[in-house]
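The values are calculated or read from the model by the stated rules, or taken from the named source; none is laboratory data. Note that the structure is predicted; figures quoted are calculated from it, not measured. Here the Cβ is made from the backbone with ideal geometry for all residues, glycine too, and neighbour counts use every protein chain on show.
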Amino acid sequence: MTAMEETIPVRGKVIGLLKSDAFIMFVIYFAALTLHMLITGAATIFNLTPDEYSVTAIAAYMNGLDWSPTVSTGGYYGYFQSLFYVPVFWITDDPYLRYRLMLMINGVLMSFVPVIAYWLSRRALDVKIPAAAVFSLICGLYPSYMLLTNFTWNETMCCLLPWFFLLLLYKAHDCKKIIKKQALSCLGGLTLAAAYAAHGRMLSLVAAGIVLELVVFFTMKRTKLFCFSGFFGGTVVGLFADKMLKRFFQGALWNVGSGRSAPINTIEKMISQLFGENGNFSIARFFQTLIGHFFYFFSSTWGLGAICVIAIIAAVVLYYRRRNRTPITLESGGTGTKALPYIGDKAAVLCWFSLLLMGAAFAVSVLFKSTSSSFDKRMDTTIYGRYTESFYPVAILCTLVLIYKGKLSRLKTIAAFGLNSMTIALTQLFTVPIVTNSETFVSAMVLGLAPMRYGEGLRDLYTQTTFLKIFVTVLGVSALWTVIGLIKRLDKIRWAVLCVPLAGLVIYSGTFGYLKYTVPQAKNAKRGADIMTAAVDKLDGQFGEITLFAAARDRYVKTQFLYPEMTVRVASTVSAYRKAENKSEIVIANIEETPELWFDELRLIGSLGSAVHIYAASENACEWALSKGYRIGESGAVVYTPAELKTTLTAVKTGYDEHADLDYANEGGNVTLTLPKGAAAYTNYTHLQKGTYAFTVYGEDVSVGTVTLYADKGKTELPFEILTEKNRELCAAVTVDKKTENIRFTFTNTSGEPIDIEKIVIRRMS
């Protein structure tokens, strides 16, 4: 045998390996994993709270860390994904590295989705390699899969488990060995329970899986999926175990069972919203939210969602109708007729699953959001994608397979365009008025619409103009799908012609979301963490417990995550702090808050830029602060020194160093402030509780100046009374009948001579 003859078999083996499904799936997994790892590079720390923090806190609890004071202030979001994060706490003590590792775990898990999609296309649905590879990448790298799983909330499990269930389902379908089939069936049932353990909204997968098993059993006699005993046994056992574990975690971290009701994001809470004494259910709300959800589905998929609905419903209906009613002549030379199904049994199972899953997901999400207390406040309540978007790629794969098999007729294409148009019209009539009158929204919940907001920021509120941009874009792309569907010559390659622009749009959406949302949000999250790190590090590790007063949630949860061994307590109001059984020696508050006016034991020991105040709440803490050279603020007063006062440009600050740490040992006590004619000095924006307060200016010739008081950052002028008008002291009193935010006191020199300012002090009079 010649060398060339020996080379040919080797070359054939290599080529065969490269064309094998196993090798292609390996390449797909590696490519997906690489992209996921690259995306995690932008990550820093929590961005979406309390969602991310809740999941992480459960993993921390299983490592002996009790974060219940902070985690209990937010909702419960499930625990199953937390199990995958437990080992991270064994590997490193660096909180930032811990967060990155958790996201990497998400990427490792999510990279299996395109592999499963490829396997389903090839082994279950008889799709050839090129098409299967394209379908798997479009579905597996869908923007929500790449972006929304880049957080430590439960989206990874919500996206992955439907695909894993499908894999088990088709494996069981093809399995001939009863023991193995029973094992796969049991694992399928446990998968449904795991999904519900990951998030209560995954009830939709539980419902879809159970109904699918019953539908196939009663209507598809030739098709057997899971064994009843193993499947339902695994489901029941899994749900029972979930109930026990859920009760344990909610009791340990959310204090449920000790007089406290179920936290938000539980089915129990949703049921109470629907049928409780204060239930918010209404037909109008339900309809508006339903239209909004369909609009989001169709728009975020660039009009493809309407094709999914039409194609899948038609496939299910025609599977039963044509299986028995469409005769064709046998081609084998014999005589007679044979019934030809519209689609095969395996394709029918996927269609049924897609239909049931999307239907259940829409039902759960619409019911939950339409009864939300934030219905009139958050625009993403009606137009919401989070609880349904994880299932879109399943429907997309089903639709692409149907198109591949030639099941996208011209009539269906026209019907899809009509459905898109009708949904847009209904959205404009019934849902847009609700959205455009809303006060706020969370970008991550409607991220699929962001690429169509041309010239707008992701945090800008949605306006009628915003919707017009989306409407025009969706109808334009939908028209493209219609043209592709109407060209008869494309019958055999229609799937390829459609997938080219679809893949481009998927890549564009993913890239846009990463650059415009993921990266900026990661930077913002890091800035918030840096503030709290700088504040806590000032304590030199001397205090094992702190209290955050009236702080934003992202600040106290980040503080707890960054200092896992420290006990972080939360007091959101004056009343909550007063009632707290455990008092910390150190209190940190937003710089706008003024707790020292209400609690004499709180003494200001420093500030961190324009972000937070740090207070000593005990004699021991005051002694420690003095030993560090920190200043101790007045009891019951907010004091602004010349270094701390804001001024107009013409004011003169002598001895002032803007780069110095003014609030600690080198506070710039020698700074003097002079106001020439027309110059002004003013305080920070300050929040005041109900009561009467005195604003006093100390200095030389202050009686010839004028004062103003505004709330709501200058929008509301507050009436005041001049109590003292002396050469060295000017005092104005103001009364607020409720908590009033963003009050600013301004002193202006309206005389002809310069005025020296020593300090401005705020005191509570009543």
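Descriptive notes on the structure:
- In this structure, Y615 qualifies as in a strand (DSSP E or B), in contact with a helix residue (DSSP H, G or I) (Cβ under 8 Å, 6 or more places away or on another chain) and surrounded by 22 or more Cβ atoms within 10 Å (Cβ to Cβ).
- Matching residues in the range 209-233 - criterion: being over 20 Å from Y319 (Cβ atoms) and among the small types (G, A, S): S229, G230, G233
- Hits in the range 711-744 (condition: over 20 Å from T641 (Cβ atoms), free of Cβ contacts under 8 Å to residues at least 40 places away in the same chain, over 44 Å from the mean Cα position of the chain (by Cα) and not in a loop (DSSP other than H, G, I, E, B)): E721, I722, L723, T724, E725
- The residues of the range 470-492 that are small (G, A, S) and surrounded by 19 or more Cβ atoms within 10 Å (Cβ to Cβ), listed by number, are S478, G485.
- Matching entry among F226, F287, F232 (being modelled with pLDDT of 90 or more, farther than 17 Å from L367 by Cα and surrounded by fewer than 20 Cβ atoms within 10 Å (Cβ to Cβ)): F232
- Here K176 does not qualify as surrounded by fewer than 21 Cβ atoms within 10 Å (Cβ to Cβ) and either touching a helix residue (DSSP H, G or I) at 6+ places or on another chain (Cβ under 8 Å) or in a helix (DSSP H, G or I) (or both).
Conditions tested, residue by residue: (1) farther than 26 Å from S354 by Cβ; (2) in the same structural domain as I138 (by TED's automatic domain parsing); (3) among the aromatic types (F, W, Y).
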position	(1), (2), (3)
L402	no, yes, no
I424	no, yes, no
Q428	yes, yes, no
I434	yes, yes, no
P451	no, yes, no
G457	yes, yes, no
F467	yes, yes, yes
V472	yes, yes, no
A479	no, yes, no
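- Test: D93 is surrounded by fewer than 18 Cβ atoms within 10 Å (Cβ to Cβ), touching a strand residue (DSSP E or B) at 6+ places or on another chain (Cβ under 9 Å) and not β-branched (V, I, T): no
- Qualifying residue in the range 153-162 (condition: over 18 Å from the mean Cα position of the chain (by Cα), at pLDDT 95 or above and part of a helix (DSSP H, G or I)): yes
- The selection criterion, being of a type in the set (K, R), under 25 Å from L355 (Cβ atoms) and assigned by TED's automatic domain parsing to the domain that holds G78, does not hold for K180.
- The number of residues in the range 93-127 that are farther than 30 Å from F561 by Cβ and either part of a helix (DSSP H, G or I) or at pLDDT below 95 (or both) comes to 13.
- Residues that are within 26 Å of Y85 (Cα to Cα) and among the aromatic types (F, W, Y) within the range 144-184 comprise Y145, F151, W153, W163, F164, F165, listed in sequence order.
- Meets criteria (under 22 Å from the mean Cα position of the chain (by Cα) and touching a residue at least 12 places away in the same chain (Cβ under 8 Å)) for S478: no
- Of all residues in the range 509-524, those that are assigned by TED's automatic domain parsing to the domain that holds L458 and modelled with pLDDT under 95 have Cβ atoms under 7 Å from Cβ atoms of residues that are hydroxyl-bearing (S, T, Y) and in a helix (DSSP H, G or I), 6 or more apart or on another chain, in Y517/S443.
- Residues satisfying the stated conditions in the range 517-531, i.e. among the aliphatic types (A, V, I, L, M) and closer than 18 Å to T149 by Cα: V519, A522, A525
- Exactly one residue out of F549, F599, F561 is surrounded by fewer than 21 Cβ atoms within 10 Å (Cβ to Cβ) and either within 26 Å of the chain's Cα centre (by Cα) or not assigned by TED's automatic domain parsing to the domain that holds Y698 (or both), and it is F599.
- All helices (runs of 4 or more DSSP H) inside the range 32-86 with 3 or more residues being aromatic (F, W, Y): 80-85
- Of the helices (runs of 4 or more DSSP H) that lie entirely inside the range 355-459, those containing 2 or more residues that are surrounded by fewer than 22 Cβ atoms within 10 Å (Cβ to Cβ) span 410-426, 432-436.
One line per residue, one yes/no per condition, for (1) in the same structural domain as T559 (by TED's automatic domain parsing); (2) touching a residue at least 24 places away in the same chain (Cβ under 8 Å); (3) more than 21 Å from V71 (Cα to Cα); (4) in contact with a Phe, Trp or Tyr (Cβ under 9 Å, 6 or more places away or on another chain):
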position: F84; (1), (2), (3), (4): no, yes, no, no
position: L103; (1), (2), (3), (4): no, yes, no, yes
position: N106; (1), (2), (3), (4): no, yes, yes, yes
position: S111; (1), (2), (3), (4): no, yes, yes, yes
position: L125; (1), (2), (3), (4): no, yes, yes, yes
